[in-house]
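Working notes for the structure below.
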Amino acid sequence: MSRMGAKNMISHSFRIAWKDLLEVFRNRMGLVLLILMPIFMMVMVGYIYPSDNSLSNVTVALVNEDVGYGGYTNASSTLIAILENANNSTDLMTLTTASSFDEVREMIQRGDVDAGIIISSDFTSSIMNGQQGTITLVTDQSNLQMSSMLQAVLQEVFDQLGTGLAQQNVQSLGVDPSNSLAVVQPYNVQTEGAIEGDFSYFDFVAPGIIAMTVMMSVMTGLPVAISEERESGTLDGMMVAPISRLSVILGKTLAQIGRGLLQGLIIIVIAVSFFGVTIHGSILLVFALLLLCVFSFVGLGIVLTSFTKDQETATMLMTTIMFPMMFLSGVFFPIEQMPWFMQTLSNVLPLTYVTGALRKVMVLGADISMITTELAILIGFGTVMIAIAVPVFKRAMTS
Amino acid sequence: MENDVMIELKNLTKKFNDFTAVDHISFDVKKSEVFGLLGPNGAGKTTIIRMLSTLTRPTEGTATIGGYDIVKQDNKVRQLIGLVSEKMIMYDRLTAKENLRFFGKLYNIPKNTLNERIGELLELVQLTKWKDSKVGTFSTGMRQRMNVVRALLNMPKVLFLDEPTLGLDPQSTVEVREFIKKINKENKTTIILTTHMMNEADRLCDRIGIIDNGQITALDTSTNLKKLVSGDDATVLKLEIPNLTKKMVTKMESLDCVKSVAQENASHIKIHATGDKAFDAIIDAVRAENAKINSIEKLQPTLEDVFLHITGREVRDKADTKIPVKHGPGHRGFRQRRRVR
C-alpha cells in the first residue's frame, strides 16, 4: 500500500469512528445504559456476594437444656449473657428462645430461623467436673453458604469464650495471670494483607468488571455495530465509496475502543468514589492494560463479525461466548475455587489474564515487571487473532 | 462508436450455492443513457446492480464501467459511480448535513468544495431548511430525496438507482422521477435503474431490458418493445358498457379480428384486435346486442402487455408464485443472505 493510500485509510477510519461515536452520543437512552450497566453490575455483585462482615440479621433460636450442677447454672448463663450482649451490640444475629431440638428443627423448616444453638443438659455439670461442655449448632443445609459462614462466626465466639474460661482455670492452678493466655493458646496467629488498608469484595471484583466491560464493548459491540449497518443498508454506502475495506473495520473498531475505554473509566471513577476501591498501582498501567485488553479481543471480535450475517445471530453468538468467559475468567469467583478441569479451561481464556493482571496492578500495586507473563500472553493472543481476522474479514466483505 | 459505451457487461453471472441469480447477462449501456432493468421481484435486478457497483463479486463473466473492470479496478469504478439502493443509506441520528459531509469525506472531496456542493444539493431537493435536522425525523419522501442526493456527492458519471420510487406516495414518486430526468439531462449522467413498475420504466428509460429468471429476455426501446406485442395494425380498445352481458363478451371473442377480450370490471372490457376494420367490426357487434356504449378509448400497449407477451405470465403472478414454488421455505433465507453480502 502506498503512503498516500495508508494516509487515506487512517483518515477514513477516523471519519467512520467519529461518525459512530456521534451516533452513540446522540442516542440518549443508550448513553444512560452505558453508564448504568457497570454501576448495576458493581452494586449487584458487590452487595449480593456474601462476606463475613456482610452477614447480618441472622435469626438464631437458643435452647438452654442445662439442668445445672448442685443448684448452679452459672456456666450456661454466662454463655447466654455473652451471646445476648453480642446480639445487642451488633446486628449480626437476632436471638429467640426455643424449648427443644425438635422445635428448632421445625422453626428452620418453616423458615422462622436460620440456625439454632443448643446448650446440652449436662453443660454446667460437665464444666464443673472438669469435662468439656457440649454446645450443638443446628444449621440449615439448604443454605450452605450461609450456614458455613455462620458456623465460622459462632465457632470464633465460642472459642473466645472457651479461652476466657480456660484462662480462669489455669490462673486458679497458680499460673501468673499475665502468662495465662500464653499457656492456654501458645500460638498467636495474625492475618495481614500484602497491602495495607481495608480490603473488600469490591476490590476483588472491580478489576474484573472493568476488564469484562471493555472486552464486551469490543467483542459484542463490533459485530452488532457492523451487522446493524449491514441490515440497515448503510454499510453499502461506505463500501461503494473508493475507500479501503480495512478502514471500515478499523474505524468501527476505533469507535468501540473509545466507547469501551470510556466505560472502563466510568467504572473506575464509580468504584473509587462510591465503593471505596483503592488503586494501589499506577493508573497509567491500568489504562495500558485496558488498551491491551482491547487489542487482544479485537481480532476475535472481527473474526466473529465476518461469520455473522445478521444482528440476531451476532447477539446470540456473543452471549454464548460471553457467558462462560464471565464465569470462568475469575471475574466474580476466584479461579482457585473451581475444579481442576474448569481451571484448565479458565487458563486458555484471555480474559483470565486481563483480569489477573488488572487485579495485580489495582489491588496489589504490582508494576509492569510483575505482570510480564500476562502481557506476553495477551500480546501473543491479540497478534494471532488479528493476523487471522484481517484476511477473513476482507474475504467476507467482497463475496 | 466504441467511445459511446459507458457500461459493458459480458456474460455476467452470479450464483448463490446452486441457485443462479444472474445468468450470463451481456449488454451495453451508452453514455448519458437512461437504461431500465425491468422485471418482477427476485428476477436478479438488484444482484446486477450490486455487482456493477462493486458490492458483490460476479461468479463468472466480467463488466466494465468507463473502461475499468469492476473486479480488478474496483476502486477506479467506485470513483465513477453513485448508488441509490433500495434501502436508505442514511444515519437517522445524524443531521442531513452531517450525513452528506460524512459520505462526502469518504470521496476525499476538499472541505470547501464539499460544503459548497452539499449546499447546492440540498437546495436542489429543497431540503436546505432542514439541513440541521436529524434524518430520522424526515418523511419518507424527504428521506428518499436525501438518499438520491447522497449518491450525487461525488458527481458520478454513472448512477445506479435500485427501485428509486419504492414505497413513495404519488407526489414524491413524481418528484423523484422528475429529479432523475433532470440529473440525466443536466449532468449527462448515465443512469441504470431497476423497477418492477412498467409505467416507470416507460416514462424514464431510453432503453429497457426485461429480466426474468436472471436472464435478459428482451432489450429495446419502449416503443420497439411494444411493437413486439402488436404489429402496426394492432388495436387495443377499452369500452365502457353499463349493461354489459356475458353474451356480448362471447360474441366479441368470436369475431375474427379479435385476439382477446379481458373483462376488467362490471362495465369495462379491454379488447386486443388486429386489422384496419377491427374498430368497425367490434362496434357493429356491440350495437347488434343493444349495448349502450358510454365511452371508447384506444389504448397503447403497455409494458405490462409486453411482459405478458414475452414471459407468458403476468408480473404479479410471477412475483407471488415463484418464491414458494421454486425454492421452498429456504428461499427467504437465501434472499436475506444475498442482501447482506
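Bear in mind that the values in this text are calculations on the coordinates, not laboratory data. Being a predicted model, the structure only gives us computed values, none of them experimental. Neighbour counts run over all protein chains shown; Cβ positions are idealised from the backbone, glycine included.
Where the centroid of each part is defined by its Cα atoms, how far is the range B:1-45 from the range B:181-219 in Å?
The distance from the Cα centre of the range B:1-45 to that of the range B:181-219 comes to 11 Å.
Going highest first, how would you order A:125-135, B:265-275 by mean Cβ packing within 10 Å?
Ranked from most to least packed, the peptides come out as B:265-275, A:125-135.
If packing is taken as the average count of other Cβ atoms within 10 Å, what order do A:137-145, B:79-87, A:285-293 fall into, highest mean first?
Packing order, densest peptide first, comes out as B:79-87, A:285-293, A:137-145.
Hey, how many Å between the Cα centroid of the range B:127-158 and the Cα centroid of the range A:115-163?
79 Å
Which cross-chain or sequence-distant (5 or more) residues have an amide H under 5 Å from the amide H of B:LEU299, H modelled 1.01 Å from N in plane?
Excluding prolines and chain starts, which carry no amide H, the hits are B:VAL236, B:LEU237, B:LYS238.
Mind checking which aspartates and glutamates have their C-alpha under 17 Å from B:LYS15, skipping anything on the same chain fewer than 8 residues away?
B:ASP23, B:GLU60, B:ASP212
Shielding of A:120-133 by partners, i.e. mean partner chain Cβ atoms within 10 Å per residue?
0
Obtain the nm distance between the two label points defined at A:SER11 and A:PHE307 by a simple spin-label model: each point lies 7 Å from its Cα along the Cα-to-C-beta direction.
About 3.8 nm, to one decimal.
What FRET efficiency do you get for A:ARG3 and B:ARG57 if R0 is 35 Å and r is their Cβ-Cβ distance, rounded to the nearest 0.05?
My answer for the efficiency is 0.80.
Given the C-alpha centroids of the range B:265-286 and the range A:309-359, what is the distance between them in whole angstrom?
Between the Cα centres of the range B:265-286 and the range A:309-359 lies a distance of 79 Å.
What is the magnitude of the charge dipole of the range B:232-300 about its Cα centre, with +1 placed on the Cβ of each Lys and Arg, -1 on the Cβ of each Asp and Glu, and no other charges, expressed in debye to the nearest 20?
300 debye
Please give me the summed charge of the neighbours of B:ILE296: other residues whose Cβ is under 15 Å from its Cβ, Lys and Arg +1, Asp and Glu -1.
0
Among the aspartates and glutamates, which fall within straight-line cross-link reach of A:LYS309, defined as a Cα-Cα distance under 13 Å, with same-chain neighbours fewer than 8 residues apart omitted?
A:GLU228, A:GLU229, A:GLU231
Straight-line reach from B:LYS182: which lysines fall under 20 Å, measuring Cα to Cα and dropping same-chain residues less than 8 apart?
Correct list for B:LYS182: B:LYS30, B:LYS31, B:LYS157.
Using the beta-carbon distance between A:VAL272 and A:LEU246 and R0 = 35 Å, what value does 1/(1 + (r/R0)^6) give for FRET efficiency, to the nearest 0.05?
FRET efficiency, A:VAL272 to A:LEU246: 0.40.
Among residues other than A:ASP122 whose Cβ falls under 11 Å from its Cβ, what is the net charge (Lys/Arg +1, Asp/Glu -1)?
After counting each charged neighbour, the total is -2.
Which of the three applies to the range A:67-198, rounded, prolate or oblate, going by the alpha-carbon gyration tensor with a ≥ b ≥ c and a/c under 1.5 meaning rounded?
oblate
For peptide A:23-33, what's the mean number of Cβ atoms from other chains within 10 Å of each residue's Cβ?
2
Enter the mean number of other protein chain beta carbons within 10 Å of the beta carbon of each residue in B:90-98, as an integer.
The per-residue average across the peptide is 4.
Through the Karplus equation 6.51 cos²θ - 1.76 cosθ + 1.60, θ set to phi - 60°, convert the phi angles of the range A:319-329 into ³J(HN,Hα) values in whole Hz; use x for Gly and Pro.
4, 4, 7, 5, 4, x, 4, 4, 8, 9, 9
Quick one: which residues, 5 or more positions from B:THR217 or on another chain, have an amide H under 5 Å from its amide H? H modelled 1.01 Å from N in the peptide plane, none for Pro or chain starts.
Distant-sequence amide H within range of B:THR217: B:ILE210, B:ILE211, B:ASP212.
Rank by packing, highest mean first: peptides B:94-103, A:327-336, with packing defined as the count of other Cβ atoms within 10 Å averaged across residues.
Peptide ranking by packing, descending: B:94-103, A:327-336.
Each label point is 7 Å from the Cα along the Cα-to-Cβ direction; what then is the distance between the points at A:VAL175 and B:THR140, in nm?
About 9.3 nm, to one decimal.
Label B:THR217 and B:ARG203 with points 7 Å out from Cα along Cα→Cβ: what is the distance between them in nm?
Label at B:THR217, label at B:ARG203, 2.5 nm between them.
Kindly provide the chymotrypsin sites (Phe, Trp or Tyr not before Pro) of the range A:91-194 that DSSP labels as loop, not H, G, I, E or B, and whose Cβ sees at most 14 other Cβ atoms within 10 Å.
Here the sparse-neighbourhood loop sites are A:TYR187.
Work out from phi, with θ = phi - 60° and the Karplus expression 6.51 cos²θ - 1.76 cosθ + 1.60, the ³J(HN,Hα) of each residue of the range B:62-72, listed in order in whole Hz, and give x for Gly and Pro.
Couplings: 9, 8, 10, 10, x, x, 9, 6, 5, 9, 6 Hz.
Using the Karplus curve 6.51 cos²θ - 1.76 cosθ + 1.60 with θ = phi - 60°, work out ³J(HN,Hα) for each residue of the range B:77-87 in order, rounded to whole Hz, and write x for Gly and Pro.
Going residue by residue, I get 4, 4, 5, 8, 10, x, 10, 10, 8, 4, 8 Hz, with x marking Gly and Pro.
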